[in-house]
1. Could you list all residues from segment 177-203 that are closer than 15 Å to THR290 by Cβ, aliphatic (A, V, I, L, M) and not in a strand (DSSP E or B)?
2. Has segment 165-173 got at least one residue that is crowded, with 22+ Cβ neighbours inside 10 Å, over 17 Å from ASN63 (Cβ atoms) and more than 15 Å from the chain's Cα centre (by Cα)?
3. What tally of residues in segment 48-88 results from selecting those that are within 18 Å of GLU287 (Cα to Cα) and in contact (Cβ under 8 Å) with a residue 40 or more places away in the chain?
4. For segment 161-219, give me each residue that is of a type outside the set (Gly, Ala, Ser), in contact with a Lys or Arg (Cβ under 6 Å, 6 or more places away or on another chain) and at pLDDT below 95.
5. Only one of GLU98, GLU70, GLU17 is modelled with pLDDT under 95 and part of a strand (DSSP E or B); which?
6. Looking at GLU58 and the list (1) modelled with pLDDT of 90 or more; (2) in a loop (DSSP other than H, G, I, E, B), which single condition is not satisfied?
7. Check off (1) surrounded by 15 or more Cβ atoms within 10 Å (Cβ to Cβ); (2) under 30 Å from GLU227 (Cβ atoms) for ILE160 and give me the number that stays unchecked.
8. What residue, among those in segment 187-219 that are of a type in the set (D, E, K, R) and closer than 17 Å to GLY43 by Cα, is surrounded by the fewest Cβ atoms within 10 Å (Cβ to Cβ)?
Amino acid sequence: MELIRKGKVKEVYALNENELLFLFTDNISVFDKVIPSKIPDKGASLARTSTHWFEISESMGINTHFLKLEENNKMRVKRFSITMKGDLNKNSYLIPLEFITRYYIAGSIFDRLKSEKIKKEELGIKNIMYGEKLPEPYFEVTTKFEDHDRNLDFKEAMEIGGLEKSELEQIKELILKIDARINSDVLTRGLIHVDGKKEWALDAHRNPVLVDTFGTADEDRFWDLKEYEKGNFVELSKEFVRKYYRDIGYYDRLMEAREKGFKEPDIPPLPEDMIRKTSILYKELYEKITGKKW
């Protein structure tokens, strides 16, 4: 097998001209930084959770690149060519964008609201309250292959992705369809699906194809339903780890360095207790998200 791409948490190998193998490592990354700590069973949790949602999506008539789960942490998928900028004259390629849909005020959108980088009127809200459910899903697009993800307006997103407006709207409709299923399924298992990101390709007929991974503790944010009803926001996702780095002040130091153009501080490893808790979290989340036993 030829290693063709090594991401922060996933390695991609070419099996042949038409297929790839995803190897999910036990690495974990936050704020575009790979933490120098391994999380036991994390890779298997991501691969198995995403497999669950790919199978659900295909049962709903949505095209995906998923072929089969090879092992607990290995997935075989259809191969698409990569382009840094989409081409309307090229029919089949991986769209170099990430598509994010938010249902509650949480994470970076809360930070952007507080700093007025995004206006309340865009979300249809009057007050900025962390954890508030949005009146309508908020759909946004970011870059994928730049050093740091960058929010795009739809015009630039279509230019970078080589998409027509109708194709972008079709992708949005498919995401809302998938998320409606995710939202309803996990709610019955005591979770709230707060937000999530997805990636897409176009096939030879320019039909959208769902790719990469989604619906996992890395790509999506989940809260405990019972705690939410009490007014608490218990993070059941990678946000649990992000919160740790916010609490120790690392996030603020990192953001300051990026804004001022300074050398970014190295991210410290997780304490052993956090590693253990995070490993347990990923396995428990697999069970809660999918309804299946580990």
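The values are calculated or read from the model by the stated rules, or taken from the named source; none is laboratory data. Treat the numbers as computed from the prediction; the structure is a model and nothing was measured. So basically every Cβ, Gly included, is an ideal-geometry build from the backbone, and we count neighbours across all protein chains shown.
1. Listed by number, the residues that qualify are ILE178, ILE182, VAL186, LEU187.
2. For segment 165-173, residues crowded, with 22+ Cβ neighbours inside 10 Å, over 17 Å from ASN63 (Cβ atoms) and more than 15 Å from the chain's Cα centre (by Cα): absent.
3. Residues that pass the stated criteria total 8.
4. Selection gives ASP218, GLU219.
5. Testing whether each residue is modelled with pLDDT under 95 and part of a strand (DSSP E or B) leaves just GLU70.
6. (2)
7. Exception for ILE160: condition (2).
8. Here the answer is ASP212.
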